[in-house]
1. What single numbered condition from (1) within 30 Å of residue 682 (Cα to Cα); (2) more than 26 Å from the chain's Cα centre (by Cα); (3) surrounded by fewer than 22 Cβ atoms within 10 Å (Cβ to Cβ) fails to hold for residue 746?
2. From (1) of a type in the set (A, V, I, L, M, F, W, C); (2) within 30 Å of residue 561 (Cα to Cα); (3) part of a loop (DSSP other than H, G, I, E, B), pick out the condition that doesn't hold for residue 757.
3. Would a scan of segment 727-746 turn up a residue that is touching a Gly at 6+ places or on another chain (Cβ under 8 Å), of a type in the set (Phe, Trp, Tyr) and within 18 Å of residue 584 (Cα to Cα)?
4. Could you tell me how many of the residues in segment 530-558 are of a type in the set (Ser, Thr, Tyr) and under 18 Å from residue 777 (Cα atoms)?
5. Any idea how many residues of segment 563-578 are touching a residue at least 60 places away in the same chain (Cβ under 8 Å) and not acidic (Asp, Glu)?
6. Among the residues of segment 407-421, is there at least one that is touching a Pro at 6+ places or on another chain (Cβ under 6 Å), surrounded by 20 or more Cβ atoms within 10 Å (Cβ to Cβ) and β-branched (Val, Ile, Thr)?
7. Restricting attention to segment 775-790, which residues are surrounded by 15 or more Cβ atoms within 10 Å (Cβ to Cβ) and either among the acidic types (Asp, Glu) or farther than 19 Å from residue 821 by Cα (or both)?
8. Restricting attention to segment 266-282, does a residue exist that is within 23 Å of residue 198 (Cα to Cα), more than 12 Å from the chain's Cα centre (by Cα), crowded, with 23+ Cβ neighbours inside 10 Å and of a type in the set (Asp, Glu)?
Amino acid sequence: FTNQCATSRSVPGAAYQSPPPLLGPSEGTASIQGLVGAQPNVEKLVKDHLAVQSLIRAYQVRGHHIAKLDPLGISCVDFDDTPCLYGLAESDLDKVFRLPTTTFIGGNETTLPLREIIRRLETAYCQHIGVEFMFINDVEQCKWIRQKFETPGIMQFTLEEKRTLLSRMIRSTRFEEFLQRKWSSEKRFGLEGCESLIPALKTVIDKSSQSGVESVIMGMSHRGRLNVLANVIRKDLEQIFCQFDSKLEAVDEGSGDVKYHLGMYHRRMNRVSDRYITMSLMANPSHLEAVDPVVQGKTKAEQFYSGDTEGKKVMSILLHGDAAFAGQGIVYETFHLSDLPSYTTHGTIHVVVNNQIGFTTDPRMARSSPYPTDIARVVNAPIFHVNADDPEAVMYVCNVAAEWRNTFHKDVVVDLVCYRRNGHNEMDEPMFTQPLMYKQIKKQKGVLQKFAEKLIAEGVVTTQYYQEEVVRYDKICEDAYSRSKDEKILHIKHWLDSPWPDFFTLEGQPKTMSCPSTGISEDDLSHIGSIAASVPVEDFTIHGGLSRILKGRANMVGQRVCDWALGEYMAFGSLLKDGVHVRLSGQDVERGTFSHRHHVLHDQNVDKRTCIPMNHISPDQAPYTVCNSSLSEYGVLGFELGFAMASPNALVLWEAQFGDFHNTAQCIIDQFISSGQAKWVRQNGIVLLLPHGMEGMGPEHSSARPERFLQMCNDDPDKHSEDFAVHQLHDCNWIVVNCSTPANYFHVLRRQILLPFRKPLIVFTPKSLLRHPEAKSSFDDMLPGTHFKRIILDDGPAAKNPEKVKRVVFCSGKVYYELIRERRNRNMDAAVAVVCIEQLSPFPFDLIKLEADRYLNADLVWCQEEHKNQGYYDYVKPRLRTTINRTRPIWYVGRDSAAAPATGNKHTHLVELQRLLDTAFDLNAFSGKC
């Protein structure tokens, strides 16, 4: 191997220190000579011993470079490493050397001939297992790994373990062959070429169950999913087989999804540990790695709710493809959540199905790193490469991986180096693009056949035993196939990965489709307000500026009013008091991007001493979790989505630093939040808080892109039923609101929990309104009997004389206050009515109709501060027209269409704003137009 030199920095004058003696004081030169024979040159003896140490370290660091990892023998990973003896000659091969304490190859022996040292190092590091771990900066962890792979004879299995492994290989292989026989023209993304994945996963689960794990949450892409469902999660085979019936009718609501995207939840007995274990395989779209943070979030939630603070009861397993693992940035984002206090799951076992190809792209064109797994090095996760055609080696590294996770509670990667026998899917022709690889694959003997022949040769099983096991499993498949023909309808609910069995009923009966008042008592408002304005910890010094903020809160409580931050405090605090866990996560949410929240107080004199007043509301309250996240949107939003899946009885919120930052989390929004219930019949109550408003801050800090969320709403713009409010909410795919008052924000957050079902909630939150003197709400708007207002009516002179009103301006968000101010300045309170739509989706057809009918003589105008091709206009216009049966025109007032969300020039911004306000109040603006 190429010699490596480790350097370190020292203080001046201390760079040189005499090297310690190789042997103790009593073991002089004579002892060294006794080891290597009579040699007069002590310098040569020392040099040779150092060369042996370098040789051992080279194998530990770089042995995986020449390990026999690729079953095809054509790996693109070419390190061009050739062993060297570091100055030792062939004549030294039979000399005996003392082993350093940094190796375990000697077992109970302290000295070995050089030839034997090399043989044992080759056995440990250069066969079918390649170990990457010497980059880990923890000495004890490195020592632990060396012991697991260097100790002579450590990779031994009992006869029973080998028979169990054979049985699992039979199930894995024959399942795929059965599907291929029955449905040769169907895509199923089979596991052929990596059949050892199934025993690999079962080994991890067995070992983890023996260590006390009670729940395993898994995520994976489509390759091998049906096999994992059948042979790891143990879903009924007939339920899988019936999915191939093209005549199967869907009975559940929603659009459903293809069979290799679906998930599963199952609790069963683990026969190895004799303990029950719950397993969940999360549904996942074709965005391959998108499920990674979702799994981590759900795992964290289950750990949280079960009091599993060390991850000893609940764990996650993530399966990856090699191309996606190296290519998709969400992998990196998820890895960097692994050791953060509010996001760690205390170790995840990553299994990479390394097909050595991505669809048709050669790895040399798909990544810049030698291995697809190099990303794991950033968090000091050991990486175990293993030849997937050696089931015993696979089983061993999976045992070690499970032990590592149980011992150190840190991530670990198992890289199953395999191949893809049938191309990207069963309808593909891989010879188009990889002719040489697939010529080799066609020559490749199946791993089951090779393993069976090996065990028969060893006398572990007989040929008859093996054949009987194959016939037995084939019969299981055939019987299930026969039963599957009786299935005439498809129940997606059978494929739920996160069931809430007790949520949809109340005392054994289905919940009523209603929502109680979301108001709370005056006493609760005052009490929560007093907590929000206090520091409930003694001898705690806060910042002087924060003292003024808390004093301001106390004054508001005395005046019975709330601003935005206090309204949020009231919502969170009241839910916590009722036993509902609240979790708020995102970039800088503890203080708030706009320095308005301050839910975590910092002692100005004691480093890292903090206080969370929200956790001091009531002795028996639920815990409040507020956590600044890493600078990640995709990963963190996925994590919070997974957290919200675990329980319906929690308010889980993700806040973007600015609303448009959700752009980089769009995959989670599109694939999971918007369409999750339709595809997988899986409700979720996650809340997205997206700061939005045209404040002249430029194109990247203005718009939360409401048009994107509204475009994905499933309500029909041309139809509306007579059922509104709760029924309307039940039928939508998500709720989109732009609250303009603290009271409405308070109510919509509480409504999330009090509804008899769960829907995602998208909230466009304010920036300047956080401190706007008019954006305050009275306690009267939050008392028992009050509700969320879907629209805010005009309550001024215009409403008292509606027949005299010339124009009704419908709007949403911050522009409402600007319209009110402009109307007041122009003395047009009686001529123009302003109606603010707070809930955009589902659209409040019923309430809008009442307002339109009230002002029969008025022009109807939609006003927005966003550009015409953005914001709400394209969503609102057809719905307004449907509301009035297209009997009156709907006029637009706002900025012209544009490519960017906002101008970057403050003066231009103000000119645009004044222009739209002028148009809104010019009563002749639309005269003569049709």
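1. (3)
2. Checking residue 757 against (1) of a type in the set (A, V, I, L, M, F, W, C); (2) within 30 Å of residue 561 (Cα to Cα); (3) part of a loop (DSSP other than H, G, I, E, B), the one that fails is (2).
3. yes
4. Residues in segment 530-558 being of a type in the set (Ser, Thr, Tyr) and under 18 Å from residue 777 (Cα atoms): 1 in total.
5. 9
6. Checking segment 407-421: at least one residue is touching a Pro at 6+ places or on another chain (Cβ under 6 Å), surrounded by 20 or more Cβ atoms within 10 Å (Cβ to Cβ) and β-branched (Val, Ile, Thr).
7. 779, 781, 782, 783, 786, 787, 788, 789, 790
8. Within segment 266-282 (the criterion being within 23 Å of residue 198 (Cα to Cα), more than 12 Å from the chain's Cα centre (by Cα), crowded, with 23+ Cβ neighbours inside 10 Å and of a type in the set (Asp, Glu)), the answer is no, since none of the residues qualifies.
The values are calculated or read from the model by the stated rules, or taken from the named source; none is laboratory data. Quick caveat, the model's predicted, so the values are computed rather than measured. With ideal geometry, Cβ positions are generated from the backbone for all residues, glycine too; neighbour counts draw on all protein chains shown.
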